[in-house]
Structures are given as structure tokens and as C-alpha cells.
Amino acid sequence: MQTTEEKLFETIETINESIIALRQQLHEYPELSSQEKETTALLKGLLENAGLTVRIFSDHYGLIADLVVDKEKPFIALRADIDALPIQEQSEAPYTSRKPGIMHACGHDSHTAILLGTALAFMQVKPLLDSNVRFIFQPAEEITEGGSSQMIKDGVLENVKAIFGLHAYPYLNTGQIGYKYGVMLASADTFEIEIFGKSSHGARPHEGVDAILVTSMAVNSLNHIVSRQIDPLHPAVISLGTIEGGKAANILCDHVKLCGTVRSVNHDVRHSIPKMMEISLKGITRSMHATYAFHYNYGSPEVCNHDAMVDLVREAGESVLGKENTIDLIDPVMGGEDFGRYLEIVPGAFFRLGTCNRDKGTCVSQHNSRFNVDDDALIVGMKIMGAAALRAMKNA
């Protein structure tokens, strides 16, 4: 007699080609963060047709699909993000983006298709399940505010006992997954700095306050915070991404604006960095007779996995793919993911899905105009998500 997992996998194999087609359709019609109207409408129709209870929202394009076997039992939650990036695609796939300047350059199309497929497969084994399952299709992961906050506010984690998510990863081969105990991804904050000087003729600099000169000193100082003020055993990054200022070659600039990001994998370090930045800015501007404005925005927290939930992902990976293809990633990376907000509230784990196939050219890094996902990875994602959820049900 087939086990629940065997029946689930059999269903996944049956629907795999249709899930690949869906992924390619999503890739052709990407939508930016907070604009995922058509994506959500498509998912809603497919999920409702399969018999799931679907909930949408008036103030964002998130979607929750519930599979309920017993109203008295808790939910195991599985999550995917659905938004795309403002990048002009340059891949050679036959299903390239039809929307100029927008593409799925981070694999969210594959995440969405995997979760949709997992939901359809679970519906086929519903009578065999030990717990309820909630499928979370989250908008706006790519922006600082993060769609996870909106979903949490709207009750997505109510009665949820465990949550799992995955991310396409071109640094592992198709047929592999990566797991990580503890902190897996960094917090992702942003900041804006304005330096105010005094305009004057470029030939008479003593009559003005050169905001560009002050800014150059500030940039230098900010870049020494990580190397000289933070314990090197606690990785952190302060990166300036934009700088704007000046109107003419012969006029001293009176206003410069800088924007950047801060990453950290340590809570205490994260909250100390803005204070260090403020001290540097205050000292430099005061000594140069300038002023400043400093705006710091705390974004998504660290993605800190729960050991017991990582155990379930690792066990699922070793069972489905073998130990040799279930990779301990060991070290965190400085990328961010707002999945961390869910993990602050309920136990869960985030894992990497290998998508690199050199013959297909799918080993390009995320947020690159040539990024693409190997469709052979989708069935792996569905099986691992499904197997991890089944294991979590036993402890729910």
C-alpha cells in the first residue's frame, strides 16, 4: 500500500509538465512589487478550481489558499513570493518577458509555480493528511517594506505551527538543495543621507561650504565602520548605491543625497550600525560647517532558521535526493529575504533549491538580466516542500 508521501510524489510527477508550463507563463508576464494583480487573479482561479479555500485582500495582492482537513487542527504553512524586478531581460529563452523593463530575475516565478503545484498535489491526498495546510502567495518581497509584514498583519500565521519556504539558487546544481542551521540570510536595511552645504562660485570656494567635499569625507568614514568598529567575527556590509549632487562645473554644490543598504547577520550589530553612522556624519559635517539629515529604515530581519525545522528539510532532502545532494551551506550570505519576519513568530526553515544547469545556461546569479531557472528543478522543489510539510504534520 502506498504511503502518503509516495502518493503525493506520484501526483507531483503527473502534474509536473503543467507546472513547468505555468512557470514559463508567469515568466512571460511578470509584475512588479505591489502590482501583482494579474498573477494573483490567475492563481486564484487555479486554486479555487482545485477546491481550496482562497482568501485575497483589498490593500495588496497577496493570496492565501487553505486546505482544511479538520478545523480543530493547526496549519503547516508553505510560502512563495510572486513579484518580479525592474530589469530588462536579456536571456534567450523562448518565454522571455513580454513586459519591457520587467522580468523574473530572482526566480519568484519558479517559487510560485512550485507552491501552486504542491497545493494541487496535496489536494489529491487530502484524505490522508494529518493536519491542515496553508499556501501563502506573498507579494512585494523585493521592496524594503516587504510583503510579509502585510501578510502577517492580515493573519496569515494564525494557528500556524510551522512554515517552510525555498529560493532558487544558481550556486547549487539542479537536483540539489541547501540547508542551513541558524542564521541563513542577513537583515536588509536601507538608508538615505542628505548633506547640506552652501553654494558659491567655484572660483571662490571660501565663500561656500562644498557639499561634495563633505560627502566624500563622509563616504570614506562610513566605509571604515565595518573594518574598524565592528567585530570581524560578525559580518556586516554598508554599501552606498546612489549619490546625487551638483548642477554645474563652476558652482560649489550645496546639496548631496546618498542612498544605500546595510546588511548584518547579528541583531546587536544591526542596531549599533545606525548609531555609528550618525556619529560619523555629525562629526564630519560639524567640522566642515555643513549640516545633514539621516533617515534609516529597518527592513527585513535576519532569516534565522529553527533547528528542528531544518532537521525536517534535511531529512526530506536526504530521503528524496540522497545525502550527497543535500548540502549543508554552513555559512550565511549577506542577501536579504523577508521570510525572516515569519520566522520571528513561528518555527520554520528556509532552504535553497539548486537550479544550475550549465548546458541550459541557468547558472547566472539572481538579479541579472540573463538569469533563468532550470525547469527540471521544479519537481525537486515540489517534492521537498511536500515531504517537509508531511514530516511537520506528525509533530503538529
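For region 46-57, give me each residue that is assigned to a helix (DSSP H, G or I) and among the charged types (D, E, K, R).
The initial filter retains those residues of region 46-57 that are assigned to a helix (DSSP H, G or I), namely 46-49.
Listed by number, the list holds a single entry, Glu48.
Any idea which of Ile136, Ile163, Ile193, Ile152 is β-branched (Val, Ile, Thr) and touching a Gly at 6+ places or on another chain (Cβ under 7 Å)? Give the derivation first.
Numbers: Ile136 fails: touching a Gly at 6+ places or on another chain (Cβ under 7 Å); Ile193 fails: touching a Gly at 6+ places or on another chain (Cβ under 7 Å); Ile152 fails: touching a Gly at 6+ places or on another chain (Cβ under 7 Å).
Matching residue, one of Ile136, Ile163, Ile193, Ile152: Ile163.
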Checklist entry - What are the residues in region 277-293 that are in contact with a strand residue (DSSP E or B) (Cβ under 9 Å, 6 or more places away or on another chain) and surrounded by 15 or more Cβ atoms within 10 Å (Cβ to Cβ), if any? => result Met277, Leu281, Ile284, Thr285, Met288, Ala290, Thr291, Tyr292
Checklist entry - Among the residues of region 181-234 satisfying the criterion of being touching a residue at least 24 places away in the same chain (Cβ under 8 Å), under 30 Å from Asp268 (Cβ atoms) and of a type in the set (D, E, K, R), which is surrounded by the most Cβ atoms within 10 Å (Cβ to Cβ)? => result Asp189
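This table checks each residue for (1) in contact with a helix residue (DSSP H, G or I) (Cβ under 8 Å, 6 or more places away or on another chain); (2) in contact (Cβ under 8 Å) with a residue 40 or more places away in the chain; (3) not aromatic (Phe, Trp, Tyr).
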{"residue": "Val237", "(1), (2), (3)": "yes, yes, yes"}
{"residue": "Ile243", "(1), (2), (3)": "yes, no, yes"}
{"residue": "Tyr292", "(1), (2), (3)": "yes, yes, no"}
{"residue": "Pro301", "(1), (2), (3)": "yes, yes, yes"}
Item to check | Candidate set from region 1-55 (those that are over 18 Å from Val133 (Cβ atoms) and aliphatic (A, V, I, L, M)); member that is modelled with the lowest pLDDT | outcome: Met1
Checklist entry - Just to be sure, is Asp338 assigned to a loop (DSSP other than H, G, I, E, B), buried (at least 24 other Cβ atoms within 10 Å of the Cβ) and not hydrophobic (A, V, I, L, M, F, W, C)? => result yes
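So, in region 123-139, how many residues would count as being in contact with a strand residue (DSSP E or B) (Cβ under 8 Å, 6 or more places away or on another chain) and touching a residue at least 60 places away in the same chain (Cβ under 8 Å)? Step through it out loud before you land on a result.
The initial filter retains those residues of region 123-139 that are in contact with a strand residue (DSSP E or B) (Cβ under 8 Å, 6 or more places away or on another chain), namely 123, 126, 129, 131-139.
With touching a residue at least 60 places away in the same chain (Cβ under 8 Å) added as a condition, the list becomes 123, 129, 131-139.
Matching residues across region 123-139 total 11.
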Checklist entry - Looking at (1) in contact with a helix residue (DSSP H, G or I) (Cβ under 7 Å, 6 or more places away or on another chain); (2) within 21 Å of Ala168 (Cβ to Cβ); (3) hydrophobic (A, V, I, L, M, F, W, C), can you tell me which one Leu390 breaks? => result (2)
Checklist outcome for this item: In region 147-178, residues that are surrounded by fewer than 24 Cβ atoms within 10 Å (Cβ to Cβ), in contact with a helix residue (DSSP H, G or I) (Cβ under 7 Å, 6 or more places away or on another chain) and under 24 Å from Arg270 (Cα atoms) total 2
Next on the checklist: So, in region 1-42, how many residues would count as being touching a residue at least 60 places away in the same chain (Cβ under 8 Å), closer than 17 Å to Ser97 by Cα and acidic (Asp, Glu)?
Outcome noted: 3
Checklist entry - Of everything in region 64-77 that's out of contact with any Lys or Arg (no Cβ under 6 Å at 6 or more places or on another chain) and part of a strand (DSSP E or B), which residue is nearest to Gln124 (Cα to Cα)? => result Leu67
Checklist outcome for this item: Within region 244-268, residues buried (at least 16 other Cβ atoms within 10 Å of the Cβ), among the β-branched types (Val, Ile, Thr) and part of a strand (DSSP E or B) come out as Val256, Thr261, Val262
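Each row is one residue, and each column tells you yes or no for (1) in a strand (DSSP E or B); (2) of a type outside the set (A, V, I, L, M, F, W, C); (3) in contact (Cβ under 8 Å) with a residue 60 or more places away in the chain; (4) surrounded by 15 or more Cβ atoms within 10 Å (Cβ to Cβ).
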{"site": "Lys44", "(1), (2), (3), (4)": "no, yes, no, yes"}
{"site": "Arg79", "(1), (2), (3), (4)": "yes, yes, yes, yes"}
{"site": "Thr112", "(1), (2), (3), (4)": "no, yes, yes, yes"}
{"site": "Ala121", "(1), (2), (3), (4)": "no, no, yes, yes"}
Item to check | Odd one out for Thr190 among (1) in a strand (DSSP E or B); (2) in contact with a Cys (Cβ under 6 Å, 6 or more places away or on another chain) | outcome: (2)
Checklist entry - Can you tell me how many residues in region 298-336 are under 24 Å from Ser187 (Cβ atoms), touching a Phe, Trp or Tyr at 6+ places or on another chain (Cβ under 7 Å) and not hydrophobic (A, V, I, L, M, F, W, C)? => result 3
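The values are calculated or read from the model by the stated rules, or taken from the named source; none is laboratory data. The shown structure was predicted, so the numbers you read here are calculated from the model rather than taken from an experiment. Every residue, glycine as well, gets a Cβ built from its backbone with ideal geometry; the counts of neighbours run over all protein chains shown.
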